[in-house]
Amino acid sequence: MLTRAVGSIGVGSQVGAASVPGGVAVRDLHVLYRANELLHGVSSTFRPNAVSAIVGPTGCGKTTLLRSINRMHDSTPGMRVTGSVTVGGEDVYGRGVVVRGLRRKVGMLFQRANPFPQSIADNVSLAPLAHGTVSRHGVSALVEEHLRLVGLWDAVKDRLDRSPFHLSGGQQQLLCLARTLALSPEVLLLDEPTSALDPDTTEHIEGLIKQLSARVTVLVVTHNLAQANRIADDVLFLMAGSVVEFAPAQTFFQNPADERSRAYVSGRIG
Amino acid sequence: MILLRRRAEGRTPGPAPAPRAARHERDTTIGEAVTRAVTAVFGSVPTALLIFILAVMVVTAVPAILFTGTGFFGTYFSPGNYYLAPTVHNGISASHGAVFGFLPEMLGTLVTSAIALGLAVPISVGGVLTLTEWVPRWAQGGVGLLLELLAGVPSVVFGLWGVLTFGPFMLRTVSPALTGIIGGFPWLFPWLPQGAAWVLLGAALIAFIGIRASVHGRLRRRARWLSVIVLFITLWGAVAPWFTGEVNTAGGVLTASLVLALMVVPIIAATTRELVRHVPVLAKEGSLALGMTKHETARVVTLPYISTGVLATALLGWGRAIGETIAMFFIIGNIFTGIPVNIYHSGATLSSLIAGTLDGVLQAKTDVSALFAAGLFLLVISLLSNLGGRLIIRRVAGDRALPVGRGV
């Protein structure tokens, strides 16, 4: 039922950043939904261990691009992906790729918090247990480590066996971040992770993202330019499914090359 | 009413306050009062009907209740002989030799429904999960349609099929195999008489309570395992004897229960299908994005999301199973003389007793009264199990309830 025509175009030897663990490269990526082309040949190489923000007006394909990287389009009938995506030099859409393993390396955080309807502790430990990256004896240490990492430990340490749905929206999103980090991913895909959160939690999460980027490649989709300015090392500006500009953040915000980027940064479009 | 107000506002020029509150400014307009009265009437009809039916049943059952007293819990039912000298007890006259013991029928009702539901719930939930997760979308519609058609099959057809086709198959093939397999298991309590099963069932209940307690941290992990083992042994000891021994009829309790299960499956499955469809995609993607498989996602996300709904649906199915009459009447054998020695024998349910007896006893007022008493028991069992089910749902929903609009 799912037809995917994936042509690996010239990815035999990825050079530079892309083949380093955590390096993400996209080559001539077309994504189609039925007859609609959502991405028209996007190519970019994201620096490892840096924060790359993907910005652009609503409907420009930011989320589509992000979801191509961990193959989230697989389960949507009618979605076709062509071109190539490599993570750490390995073709994501290549033959014999285990999607399960790919998604262990490439974590994802969604627009709204979506914790499992399980206990808080299980939220963190279920995926590592399923992947066999932690033993039963190591679970409680793993849970504590990652809840501490996102700064949630003190708030939940007395109710680890309770439902996460009693937590605030921001705390739930932090729990989802902890859950993702518990798999020690190389790449973190963030799909407008703070769009539903209050300023304090947003600031906290932005701090975490900066801090995490020392060891994880972060791709963050955001419609919030100020946020991109605060956290991004590089900015990819998409419009209508095509790349307009991909530049270091400072360049993009202060001296963009493209006229449309200038218009977008100054708020004239978007 | 909004229209009315707009028109009225249009007519009033300027902000000049009216000296007396105009009609449209009063809290209750005539329209609202009428609406309220009409909805009050329609709203109270179901409650009033329930109370009315209950009252009629209680009043009609009084003679039988006076005649029998606690004898309702006896194991023998007979409408007696209308043409011989009447038996008089507590000032109530009944047919000669009439005895109204409903215990086998009460147990029959509970056991057939329990077996039916115990099979139907896992089959429906498992089937629906398989359908929605692994069957291609174009085939799903067809299977869904079949399910809905199955729900529309009249119960008398199920009854006919059960007694003419399925029953003989059970008698020849399934029942002998089942009794052979279960009878061949190493007996845990071979020296105990079958009645001791009830004691074991009590022990099983205590073990279950022990498990519940340990879940809440009052017992340690080892004690928890111990109580699980005790629960299984005692349940086995209590239940297994009913599944062994001679097979003597094509109908009987097991056949009736299986047909009942088949009748309940579409009800539970159809609702479960809707429940599964409404599990938020975002919640499932959270699991898939972590590299969890479909199977793990179903277990970790989908099942908890639908659990309360499935319980509520099971409760609906339970109501249907308890009340199911004509199929049970055809299949179960309608034997009112004692508790069947095992589930391969004929038995009766409260509803099959009423359906099977009424025609012969219309002349005998006390017999009819006894049937109303049977109906009352049925109603009480139905109401009690419904209340119990609601309590379970509330407990299950308690901590894991999913507040709407909060990260869901």
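The values are calculated or read from the model by the stated rules, or taken from the named source; none is laboratory data. Since this is a predicted model, take the numbers as computed values, not measurements. A quick note on method: Cβ atoms are made from the backbone with ideal geometry, for glycine too, and the neighbour counts reach across all protein chains shown.
Scanning the stretch B:144-173 for residues that are over 11 Å from B:Val259 (Cβ atoms), within 25 Å of the chain's Cα centre (by Cα) and in a helix (DSSP H, G or I) turns up B:Gly144, B:Leu145, B:Leu146, B:Leu147, B:Glu148, B:Leu149, B:Leu150, B:Ala151, B:Gly152, B:Val156.
Look at the stretch B:330-344: where a residue is in contact (Cβ under 8 Å) with a residue 12 or more places away in the chain and a partner is surrounded by fewer than 22 Cβ atoms within 10 Å (Cβ to Cβ) and among the charged types (D, E, K, R), sitting 6+ places away or on another chain with Cβ atoms under 9 Å, you get B:Val341/B:Glu246; B:Asn342/B:Glu246; B:Tyr344/B:Glu246.
Would you mention how many residues in the stretch A:74-83 are within 11 Å of another protein chain (Cβ to nearest Cβ) and touching a strand residue (DSSP E or B) at 6+ places or on another chain (Cβ under 8 Å)? Working first, answer last.
First, pick out the residues of the stretch A:74-83 that are within 11 Å of another protein chain (Cβ to nearest Cβ): A:74-78.
Next cut, touching a strand residue (DSSP E or B) at 6+ places or on another chain (Cβ under 8 Å) only: A:76, A:78.
Residues meeting the conditions: 2.
Those residues that are in contact (Cβ under 8 Å) with a residue 40 or more places away in the chain and touching a Phe, Trp or Tyr at 6+ places or on another chain (Cβ under 8 Å), I need them from the stretch B:86-97; list them, please. Result: B:Ile92, B:Ala94, B:Ser95. So which residues in the stretch A:119-159 are acidic (Asp, Glu), more than 11 Å from chain B (Cβ to nearest Cβ) and more than 23 Å from A:Val216 (Cβ to Cβ)? If the condition is that a residue be acidic (Asp, Glu), more than 11 Å from chain B (Cβ to nearest Cβ) and more than 23 Å from A:Val216 (Cβ to Cβ), then A:Asp154, A:Asp158 are the ones that fit.
Of all residues in the stretch A:51-60, none are in contact with an Asp or Glu (Cβ under 9 Å, 6 or more places away or on another chain), at positive phi and modelled with pLDDT under 90. Figure legend. Inter-residue proximity from the stretch B:293-304: first residues under 14 Å from A:Asn123 (Cα atoms), second residues aromatic (Phe, Trp, Tyr), beta-carbon distance below 9 Å, spacing 6+ or different chains. Indicated pairs: B:Val300/A:Phe116; B:Val301/A:Phe116; B:Pro304/A:Phe116. Picking from residues in the stretch A:46-80 that are of a type in the set (S, T, N, Q) and closer than 12 Å to A:Val220 by Cβ, the one that is surrounded by the most Cβ atoms within 10 Å (Cβ to Cβ) is A:Ser52.
Scanning the stretch A:89-103 for residues that are at the interface with chain B (Cβ under 7 Å from one of its Cβ atoms) and either surrounded by 22 or more Cβ atoms within 10 Å (Cβ to Cβ) or under 19 Å from A:Phe46 (Cα atoms) (or both) turns up just one, A:Arg103.
Taking the stretch B:71-106, which residues are part of a helix (DSSP H, G or I) and surrounded by fewer than 19 Cβ atoms within 10 Å (Cβ to Cβ)?
Of the residues in the stretch B:71-106, the ones part of a helix (DSSP H, G or I) are B:71-73, B:103-106.
B:Gly71, B:Phe73, B:Leu103 - these are the residues of the stretch B:71-106 that are part of a helix (DSSP H, G or I) and surrounded by fewer than 19 Cβ atoms within 10 Å (Cβ to Cβ).
Among helices (runs of 4 or more DSSP H) entirely within the stretch A:104-190, having at least 2 residues that are more than 21 Å from A:Ser68 (Cα to Cα) and touching a residue at least 24 places away in the same chain (Cβ under 8 Å) singles out A:120-131, A:139-149, A:169-181. Checked against (1) facing another protein chain (nearest Cβ under 8 Å); (2) surrounded by fewer than 22 Cβ atoms within 10 Å (Cβ to Cβ); (3) over 18 Å from B:Thr293 (Cβ atoms); (4) aliphatic (A, V, I, L, M), A:Ala113 passes all but a single condition, namely (2).
The one condition from (1) at pLDDT below 90; (2) away from chain A (no Cβ under 14 Å) that B:Ala256 does not meet is (1).
Taking A:Thr222, is it of a type in the set (Val, Ile, Thr), surrounded by 15 or more Cβ atoms within 10 Å (Cβ to Cβ) and more than 22 Å from A:Leu38 (Cβ to Cβ)? Against the criterion (of a type in the set (Val, Ile, Thr), surrounded by 15 or more Cβ atoms within 10 Å (Cβ to Cβ) and more than 22 Å from A:Leu38 (Cβ to Cβ)), A:Thr222 does not qualify. Quick check: is even one residue across the stretch B:105-121 farther than 30 Å from B:Val265 by Cβ, in contact (Cβ under 8 Å) with a residue 12 or more places away in the chain and in contact with a Leu (Cβ under 7 Å, 6 or more places away or on another chain)? Within the stretch B:105-121, not a single residue is farther than 30 Å from B:Val265 by Cβ, in contact (Cβ under 8 Å) with a residue 12 or more places away in the chain and in contact with a Leu (Cβ under 7 Å, 6 or more places away or on another chain).
Out of A:Arg67, A:Arg103, I need the residue that is in contact with a Gly (Cβ under 6 Å, 6 or more places away or on another chain) and closer than 26 Å to A:Leu174 by Cβ. Which one?
Working: A:Arg67 fails: in contact with a Gly (Cβ under 6 Å, 6 or more places away or on another chain).
Being in contact with a Gly (Cβ under 6 Å, 6 or more places away or on another chain) and closer than 26 Å to A:Leu174 by Cβ holds for just one of A:Arg67, A:Arg103, which is A:Arg103.
Determine whether the stretch B:244-264 contains at least one residue that is in a helix (DSSP H, G or I), surrounded by fewer than 17 Cβ atoms within 10 Å (Cβ to Cβ) and out of contact with any Pro (no Cβ under 8 Å at 6 or more places or on another chain). Checked against the condition, which is being in a helix (DSSP H, G or I), surrounded by fewer than 17 Cβ atoms within 10 Å (Cβ to Cβ) and out of contact with any Pro (no Cβ under 8 Å at 6 or more places or on another chain), the stretch B:244-264 yields no hits at all.
Taking the criterion of being in contact with a Ser or Thr (Cβ under 6 Å, 6 or more places away or on another chain) and at pLDDT 90 or above, would at least one residue in the stretch B:353-365 satisfy it?
From the stretch B:353-365, those in contact with a Ser or Thr (Cβ under 6 Å, 6 or more places away or on another chain) are B:355, B:364; that's our starting set.
Applying the additional criterion that residues be at pLDDT 90 or above yields B:355.
Checking the stretch B:353-365: at least one residue is in contact with a Ser or Thr (Cβ under 6 Å, 6 or more places away or on another chain) and at pLDDT 90 or above.
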